[in-house]
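Got a structure for you, questions after.
Only the coordinates and a few stated rules stand behind these numbers; no lab work does. Just so we're clear, the structure is a prediction, and the values are computed from it rather than from any experiment. Quick reminder, even Gly has a Cβ in these numbers, built from the backbone with ideal geometry, and neighbours come from all protein chains shown.
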Amino acid sequence: MAQLGGLDMWERLVGQEAAVRQLRESIASDSVGHAYLFAGPQGVGRELAAIALAASLNCAAGGCGSCDACARILRRTHPDLHMIVPHGAQILVEQVREVRQDAFRSPYEGRVKVFLIEDAHRLNPAAANALLKVLEEPPGDVVFVLVTASPEDLPETIVSRCRRVDFFPLGPREIRRVLVEHHGADPSDAEWAARTGGDLSTALRFVKDPEAPERRRGHLEFPGRLVRGGPAEAVRAAAELKSEADAAAAALSKAHKEELARTLDAFGEGRGSGAARKRIEDRHKREARRRRTEAYDSALRDMHSFYRDVLLSGTGASTDVLVNAEMGERLARASKVTDPAWLVWALGRVDATRRALARNVDATLAVEALFMDLSTPRARPA
């Protein structure tokens, strides 16, 4: 598969022309703000835009995408790029206090320290107040980027101190084009990934992972297995999904060890080596946790698409609107025997579980409870 070599940092952002233009103009005019709010749904390029901004401010060529500084910023290992993510369901005041301390230190090697706060709407009240203090009187060599899908959940006092940049979803056609033209994906694989992935980042993982189609087929078997096997099958299916999520997290282990070794070798025993190790190890834990959650979410998204298609099939909808059009006969049979009201309830139940998993509830218990509920569908009224 083709890589993105040769592209500068901003060329990697596709379909967000207005956001890119706004940020590049502020850089070109030397009017970069001290704080930004990147608002939009997950998977549309918000984090990549923050990375591009960090590279533009710390790369001698303004974000060339190929130098050592850009490479380390892309890997999230540059010492002047600080990643802040929720600890569990919240961003805690202790995390923000550490941010404040780091903000008033001089950069390690670049010109500007960039603090990327993911899911910023999860700042708890104490953390939000602590962040507000540094946003009111920021150091001159610091840029904060708050990334969120729910800007309305942030205190207005914080929002008012940020420059807002909006990011918008890409449609399947645009996702397909990006996968083929920028990532060298096979057109048929890109078609499938764009239709089923839901967003660009998910679709990209699909085309890069040769096992993704087989996993998806397994996920689409869960609804039928649950109906045929009842509660016992619900427990077995939940255990299978747990094993899949654990394997996804474990697959990161080798890459994490190699990255840590490279970074420590670059730092040596000098300034910041201990802090760099801790920052990277903490990030690795978060990435493993996130990869596990993504595995669960991928399976539930696939199941959601099945129940949705069954519901639409029962209305006589065209196959053009079905995510799993290749399952047309099976969808039609299921629609004839399943109560549409139950399908609507099932869709809501799956969505609620996905939201709960994003808040770091016990995944095993949450999925077992969901699968138990889905194992007893109501028949379509005569």
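If we count every other residue with Cβ under 13 angstrom of residue 358's Cβ, Lys/Arg +1 and Asp/Glu -1, where does the sum land?
+3
Also, quick follow-up: For residue 106 and residue 156, calculate 0.36 nm times their separation in residues minus their Cα-Cα distance, and state this gained length in nm to one decimal.
That works out to 15.1 nm of additional length.
Between residue 217 and residue 285, what is the FRET efficiency for a Förster distance of 45 Å, r being their Cβ-Cβ separation, to the nearest 0.05?
E between residue 217 and residue 285, to the nearest 0.05, is 0.90.
Using a 7 Å offset from the Cα along the Cα-to-Cβ direction at both residue 262 and residue 337, what is the distance between the two label points in nm, to one decimal?
Label-label distance for residue 262 and residue 337, simple model: 5.3 nm.
Further question on the same structure: What is the helix-to-structure angle for 212-250, meaning the angle in degrees between its Cα long axis and the longest Cα principal axis of the chain, kept from 0 to 90 and rounded to the nearest 10?
Result, in degrees: 30.
About the Cα centre, and with charges only on the beta carbon of Lys, Arg (+1) and Asp, Glu (-1), how big is the dipole of the range 212-374? Nearest 20 debye, please.
About 500 debye.
Also: When Lys and Arg each count +1 and Asp and Glu each count -1, what net charge do the other residues less than 15 Å away from residue 153, Cβ to Cβ, add up to?
Charge balance near residue 153 sits at 0.
To continue, here is another question. Within a Cβ distance under 12 Å of residue 130, other residues only, what is the Lys/Arg minus Asp/Glu net charge?
With Lys, Arg at +1 and Asp, Glu at -1, the neighbours total 0.
In the range 210-227, whose amide N lies under 20 Å from the spot 7 Å out along Cα-to-Cβ of residue 326? List them in ranges.
Within reach of a label on residue 326, which here means backbone N under 20 Å from a point 7 Å along Cα→Cβ, the range 210-227 contributes 210-225.
Would you give the gap between the C-alpha center of the range 210-252 and the C-alpha center of the range 105-127, rounded to a whole Å?
Rounded to whole Å, the Cα centres lie 37 Å apart.
Mind listing the long-range amide H neighbours of residue 35? Cut-off is under 5 Å, sequence gap 5 or more, other chains count too, H placed in the peptide plane at 1.01 Å from N.
For residue 35, whose amide H was placed from the backbone, the distant partners under 5 Å are 144, 163.
Most exposed first by the Cβ proxy, i.e. fewest other Cβ within 10 Å, how do 78, 256 rank?
The order, fewest Cβ neighbours first, is 256, 78.
Count the DSSP beta bridges whose two residues both fall in the chain, then state the antiparallel fraction as a percent rounded to the nearest 5.
Counting DSSP beta bridges with both partners in the chain, the antiparallel share is about 10 percent.
Trypsin sites (Lys or Arg not before Pro), restricted to the range 162-263: which are DSSP loop and have at most 13 other Cβ atoms within 10 Å?
none
With 26 Å as the limit, write out which pairs from 242/336; 133/285; 113/285; 113/278; 208/242 have Cα-Cα distances beyond it, or answer none.
Going by Cα-Cα distance, 242/336; 133/285 fall outside the 26 Å limit.
Something else: If we count GluC sites (Glu not before Pro) as exposed when they sit in a DSSP loop and have at most 10 other beta carbons within 10 Å, what is the longest stretch of the chain that avoids them all?
Counting at most 10 other Cβ atoms within 10 Å as exposed, the longest clean stretch of the chain is 1-210.
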